[in-house]
Amino acid sequence: MKFNKTRNKVLGAIFIFIIVVAFFFAPTGYYLEVPGTAEDTSQFVKVNGKQDKKKGNLLLTTVGIVSGTPFTLLKSLGNNFETIYSQQDLMGDENSQDYFNVQKYYMQSAQNNAIQAAYSKADKPFTKKYLGVYVMDIMSNSKFKQKLQIGDTITAINGYHFNSANQFINYVRKQDKHSTVKIDYLRDGKKKSASGGLVKLASTKRFGLGITLTDNTEAKGNPPTKINAGDIGGPSAGLMFTLQVYSQVANKDLKAGRTIAGTGTISPDGTVGPIGGIEKKVYAASEEGATIFFAPDDPVTKEIKKYEPGYVNNYHLALRAAKKLHMKMKIVPVKNLNDAINYLEKTK
């Protein structure tokens, strides 16, 4: 009897231990978007092989994506700076590796756009090299489903090299729907090739490879600029990278000893676009002592209001976050690169 009681106590303790471990560590299929970091862009950018040594900081800001456990999900309830997402909401139909491959492409594209916008503003020469079409998604019925991966760059089809995604699409359209095509592509810098047939494209009468694609380009300036963001992904560092590159190639001291943070996509023409998770980025910037935060002042059009009646633009979301944090950091609205540069030059 004593043995049975002891055994039951041990089993009960083990059961409680398992429950506790599951509560703190078990995956749930949900994710938390949380404040990330605020990183000095000068550590990632080299112009003519040199980093910016001027006093002050131009900080890019990030969000963190962490796997939710029962404990962290419960703990996040009521927290204004943590948001719960299902895997479907966060990644769509992509697996985690495909999702991060796409984020890596967005960062590469942001860097290229930053170089073009900065060199154009500084009136410095640059060239744009076309690398091919970047594979963003692959249809389930595609003959290349098991051959291509999201993140591959197609460089040629049937030996034909093209200079834009439209040229590639037009070439494929001219092929017989029963034909087999050979594609050359790059994966992690290595040349590969594959062959396969065409498939009917959804909601059309056309046939194609069954992939979603976009242009993959590389911008190079004179003097040369290299940006290496490491594991940071996504397009939202575009504005801050542009400010960093511009300050170096134009030899302008935009920082003037200040800690300046911000976020926003950048187009080659300098247009600043909205991003997600701006409240978390305001939080990250405040933790690093930023006194200025650039927020995209994206227009709220009738079309946006039609599909998302409660939409609030980035600038006003950032203002709300700053108010909740009771911070003195100045939230500055920007529609384009000139807005940010003009503000920094006028407030030195």
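Scanning the stretch 157-199 for residues that are in a strand (DSSP E or B) and of a type in the set (V, I, T) yields I157, T180, V181, I183, V199. Here T37 meets the list (1) surrounded by fewer than 18 Cβ atoms within 10 Å (Cβ to Cβ); (2) in contact (Cβ under 8 Å) with a residue 40 or more places away in the chain; (3) outside any strand (DSSP E or B) almost entirely, failing just condition (3). Tally up the residues in the stretch 81-98 that are within 30 Å of L319 (Cβ to Cβ) and surrounded by 13 or more Cβ atoms within 10 Å (Cβ to Cβ), please. Number satisfying all stated conditions: 7.
Taking residues in the stretch 219-236 that are closer than 20 Å to L60 by Cα, and partners anywhere that are part of a loop (DSSP other than H, G, I, E, B), the pairs with Cβ atoms closer than 6 Å and at least 6 places apart or on different chains are I227/F44; N228/F44; A229/F44; S236/T263; S236/I275. In the stretch 208-231, of all residues being small (G, A, S) and within 17 Å of the chain's Cα centre (by Cα), the one that is surrounded by the fewest Cβ atoms within 10 Å (Cβ to Cβ) corresponds to G230. Mind checking whether some residue in the stretch 121-133 is in contact with a helix residue (DSSP H, G or I) (Cβ under 6 Å, 6 or more places away or on another chain), part of a loop (DSSP other than H, G, I, E, B) and touching a residue at least 24 places away in the same chain (Cβ under 8 Å)? The answer is yes, given that some residue of the stretch 121-133 is in contact with a helix residue (DSSP H, G or I) (Cβ under 6 Å, 6 or more places away or on another chain), part of a loop (DSSP other than H, G, I, E, B) and touching a residue at least 24 places away in the same chain (Cβ under 8 Å). H316 meets all of the listed conditions (1) in contact (Cβ under 8 Å) with a residue 12 or more places away in the chain; (2) outside any loop (DSSP other than H, G, I, E, B) but one, namely (1). Consider M91 carefully, then state whether it is modelled with pLDDT under 95, within 18 Å of the chain's Cα centre (by Cα) and farther than 30 Å from N338 by Cβ. In short, yes. Scanning the stretch 137-148 turns up one or more residues that are in contact with a Leu (Cβ under 7 Å, 6 or more places away or on another chain) and over 19 Å from K191 (Cα atoms). Within the stretch 136-166, the residues that satisfy the criterion of being surrounded by 15 or more Cβ atoms within 10 Å (Cβ to Cβ), of a type outside the set (K, R) and farther than 20 Å from S203 by Cβ are L148, Q149, I150, G151, D152, T153, I154, T155, A156, I157, F162. Considering each residue of the stretch 254-270 in turn, none proves to be outside any loop (DSSP other than H, G, I, E, B), in contact (Cβ under 8 Å) with a residue 60 or more places away in the chain, within 25 Å of S76 (Cα to Cα) and more than 19 Å from the chain's Cα centre (by Cα). In the stretch 51-74, the residue that is farthest from the chain's Cα centre (by Cα) out of those that are under 26 Å from V245 (Cβ atoms) and free of Cβ contacts under 8 Å to residues at least 12 places away in the same chain is K53. Could you say which residue among Y283, Y246 is among the aromatic types (F, W, Y), touching a residue at least 60 places away in the same chain (Cβ under 8 Å), in contact with a strand residue (DSSP E or B) (Cβ under 8 Å, 6 or more places away or on another chain) and outside any loop (DSSP other than H, G, I, E, B)? The unique qualifying residue is Y283.
I'd like to check something: does the stretch 330-346 contain any residue that is out of contact with any His (no Cβ under 8 Å at 6 or more places or on another chain), in a loop (DSSP other than H, G, I, E, B), among the β-branched types (V, I, T) and farther than 14 Å from F81 by Cα? The answer is no; no qualifying residue exists. Screening A322 on (1) exposed (fewer than 12 other Cβ atoms within 10 Å of the Cβ); (2) at negative phi shows it passes everything except condition (1).
The values are calculated or read from the model by the stated rules, or taken from the named source; none is laboratory data. These numbers were taken from a predicted model, which means no experiment stands behind them. Counting neighbours? That spans all protein chains shown, and the Cβs are built from the backbone with ideal geometry, glycine included.
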